[in-house]
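What follows is one structure encoded as structure tokens, with my remarks underneath.
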Amino acid sequence: MASADKLINTYVPEKDVFALHFLQSLSNLRTQNPLNSPDKSIDRVRKIKKAAYVSMARAAGGTSRLWSRALLRRAAKDDNKSVRFSRRKRKVTWKISSKRKRSNQRAPVVEEAAERLRNLVPGGGGMETSKLMEETAHYIKCLSMQVKVMQCLVDGLSPK
Amino acid sequence: MSSSRRSSQASSSSRISDDQITDLISKLRQSIPEIRQNRRSNTVSASKVLQETCNYIRNLNKEADDLSDRLTQLLESIDPNSPQAAVIRSLING
């Protein structure tokens with residue numbers, strides 16, 4: 001059902017949105033685990049890293065993008081929680097066509113590189129190549145935004 | 001993590017033309033700082049762009065890892081009376 005001229009949306013929110021979500025995540029972590037709890041350091045790193053990715057996914061649009069959906073779903077599974085996803089009204093991308101799969105519709109060298117990309121982008125495994133690229137563009141922007149936020153935080157916290 | 005793989009690979013969007021692929025790739029290219037404009041054929045530059053993208057994502061993940069590390073250390077060792085702690089407190093509670 002994808003129209004030939006569908007608009008590619010790569011809008012990414014401002015840095016503040018990412019910062020806010022991340023700080024909120026961090027503060028939730030602190031209330032759950034007081035600083036002096038016997039957590040091992042590596043567990044704390046893992047928790048903070050996870051908080052970073054989850055807050056990034058939320059800031060980027062939560063369940064409205066395929067990659068953030070996949071990321072949040074993966075994180076919820078890790079926590080053994082179930083996340084409520086609202087039904088998307090829009091048609092889902094990965095519909096199974098009745099046509100035979102044309103494996104050489106694109107040059108094999110492109111598909112090969114796309115395969116590596118699929119392993120890196122959350123939810124990439126189920127995406128058709130053109131959708132994958134759209135999601136990747138958005139993912140990259142959000143990821144670099146999140147990294148900037150974390151860098152600012154680290155810079156602000158580091159002793160002068 | 002097991003995401004559904006090729007079993008649900010849709011070929012119904014195979015009608016997307018090469019023009020659109022080019023357009024998408026140029027959009028992707030704009031998101032990556034290192035890519036230079038490449039005058040070579042579509043196929044070759046496409047796979048190069050995708051490769052650069054993979055590298056870029058891996059770098060970002062690595063940076064996020066390192067920053068998580070440092071952030072954890074800083075948060076653990078922060079002196080509650082320092083100005084930094086006050087900043088954090090105000091940010092988190094504000």
- Task: Rounded to the nearest Å, what's the spacing between the alpha carbon centres of the stretch A:39-71 and the stretch A:134-160? Just the number, please.
- Result: 13 Å
- Task: Just grab the label-to-label distance for residue A:15 and residue A:155, each label 7 Å out from Cα along the Cβ direction, in nm (one decimal).
- Result: 0.7 nm
- Task: Place the peptides A:115-122, A:55-62 in order of packing, highest mean first, counting for every residue the other Cβ atoms within 10 Å and averaging per peptide.
- Result: A:55-62, A:115-122
- Message: As an exercise, use a Förster radius of 41 Å and the Cβ-Cβ distance of residue A:119 and residue A:31 to find the FRET efficiency, rounded to the nearest 0.05.
- Response: 0.70
- Message: Take the residue pairs A:49/B:27; A:15/A:40; A:40/A:141; A:50/A:131; A:50/A:77; A:15/A:49 and return only those whose Cα atoms are more than 21 Å apart.
- Response: A:49/B:27; A:15/A:40; A:40/A:141; A:50/A:131
- Message: Heavy atoms only, 1.4 Å probe, whole protein assembly: order B:52, A:112, A:14, B:63 by accessible area, highest first.
- Response: A:14, A:112, B:63, B:52
- Item | Heavy-atom accessible area ranking, 1.4 Å probe, most first, across A:21, A:138 | A:21, A:138
- Message: With θ taken as phi - 60° and the coefficients 6.51, -1.76 and 1.60, list the Karplus ³J(HN,Hα) couplings across the stretch A:121-130 in order, rounded to whole Hz; mark glycine and proline as x.
- Response: 9, x, x, x, x, x, 9, 6, 4, 5
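The values are calculated or read from the model by the stated rules, or taken from the named source; none is laboratory data. Computed from a prediction, not measured in an experiment: that's the story for all the values here. Glycine also receives a Cβ, built like all others from the backbone with ideal geometry; neighbour counts cover every protein chain displayed. The protein model used for the area step is the full one, side chains on, heavy atoms only, and it has no ligands, DNA or RNA in it. Shrake-Rupley method; radii C 1.70, N 1.55, O 1.52, S 1.80 Å.
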